[in-house]
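Below is one structure, written out as structure tokens; comments come after it.
The values are calculated or read from the model by the stated rules, or taken from the named source; none is laboratory data. Nothing here was measured: the structure is a model prediction, and the numbers come from that model. So basically every Cβ, Gly included, is an ideal-geometry build from the backbone, and we count neighbours across all protein chains shown.
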Amino acid sequence: MIREIPWSLFRGFLMGAADIVPGVSGGTIALVLGMYERLIASVRAGSSALGAFLRLDFSGGVAWLRKVDWYFILPLGAGIGLAIITLAHLLERLLHDHAVVMAALFLGLVAGSAVIAWKLLTVRDMRRVAIIAGVALTVFVLLGLNESTSSETAAQISDPAMWAFFGSGAIAICAMILPGISGSFILVMLGMYGPLLSAVTSRDFGSLIVFMIGAVIGLALFSQVLHRALRDHYNTVMAALIGLMLGSLRVLWPWPLGVDSTALHAPGSDALAALAVAVSAFALVLGIEILGRKIGHLSVEDEVDELTAE
């Protein structure tokens, strides 16, 4: 057990490096590294424990805590945190200095993740296609209602309130148990990706603690609801998530200001570079998924079984 801690720390760093980039699913990285089942089991046990404690069921909470693989999950979490701390400043600088290219990178990653999510559907009928199209169109239009190219009123919130950190943490954490969609992508869609990166780099511990509290409560409350929804209405939920990803690509359209605007401008002189980055990112995500099938010990069918299991 103790010998495994350095390896879990390293795997956590790789997951954290993936999670901090919108579009790369930490679950996919866990699959490639052969720890998906183990991660999901600990996340579900932990979320069940938190839910029990919130209901004042202390004996039930303790029982669930005993089912968490602590020698695995603690160093994994430490590695994720280390990756976020060490890479946040670099990403913040790149987003500022190379906004178009970074948005193209994120766009390719999310588009590739949407393809992976499509593969996870077990029923691809007109109903699911209609859900995908309806959700995508709705999200696309709603994001355009606040269209702006002003840095003061851009897609990424300039000065979020504490409740925004709390709410975004509660929502983004649910992406942990879903394949094909990342927590960072949810943060971009909510306009909180930039502010959270800034909070990490500036050591704004107050905002970070509020975000983490929201994540803990969200994991306790929403993950169980999401698990039941996946168990009972798997294909409908996945279709809605695919639509969410496709509609939210509006935020990632590189022009005019990368992820800092939902306005849609024509490509600029850097269009070829942006296209090359987007295509490469798209191929990277699909390549990781293919690698996961070969060495990650789980097939797409196994992932579906894990998500819909009792």
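Of note:
- Cross-chain or 6+ apart pairs with Cβ under 8 Å, the stretch 76-100 first and touching a residue at least 12 places away in the same chain (Cβ under 8 Å) and aliphatic (A, V, I, L, M), then surrounded by fewer than 17 Cβ atoms within 10 Å (Cβ to Cβ) and part of a loop (DSSP other than H, G, I, E, B): V100/G268; V100/D270
- Filtered by the rule that a residue be at pLDDT below 85 and of a type in the set (D, E, K, R), the stretch 126-177 gives E147, E152, D159.
- Scanning the stretch 1-41 for residues that are at pLDDT 75 or above, aliphatic (A, V, I, L, M) and closer than 25 Å to V110 by Cβ yields a total of 9.
- The residue that is nearest to the chain's Cα centre (by Cα), counting only those in the stretch 88-110 that are buried (at least 20 other Cβ atoms within 10 Å of the Cβ) and either over 18 Å from L272 (Cα atoms) or among the basic types (K, R) (or both), is V110.
- The stretch 271-289: number of residues that are of a type in the set (A, V, I, L, M, F, W, C) and at pLDDT below 80: 1
- Hits in the stretch 54-73 - residues which are in a helix (DSSP H, G or I), without any contact (Cβ under 8 Å) to a residue 24 or more places away in the chain and among the hydrophobic types (A, V, I, L, M, F, W, C): F58, V62, A63, W64, L65, W70
- Search result, residues across the stretch 197-238 that are farther than 28 Å from A133 by Cβ, crowded, with 19+ Cβ neighbours inside 10 Å, of a type in the set (A, V, I, L, M) and touching a residue at least 40 places away in the same chain (Cβ under 8 Å): L197, V200, V210, A215, L219, A220
- In the condition set (1) at pLDDT 75 or above; (2) surrounded by 13 or more Cβ atoms within 10 Å (Cβ to Cβ); (3) not basic (K, R), G268 is compliant with all but (2).
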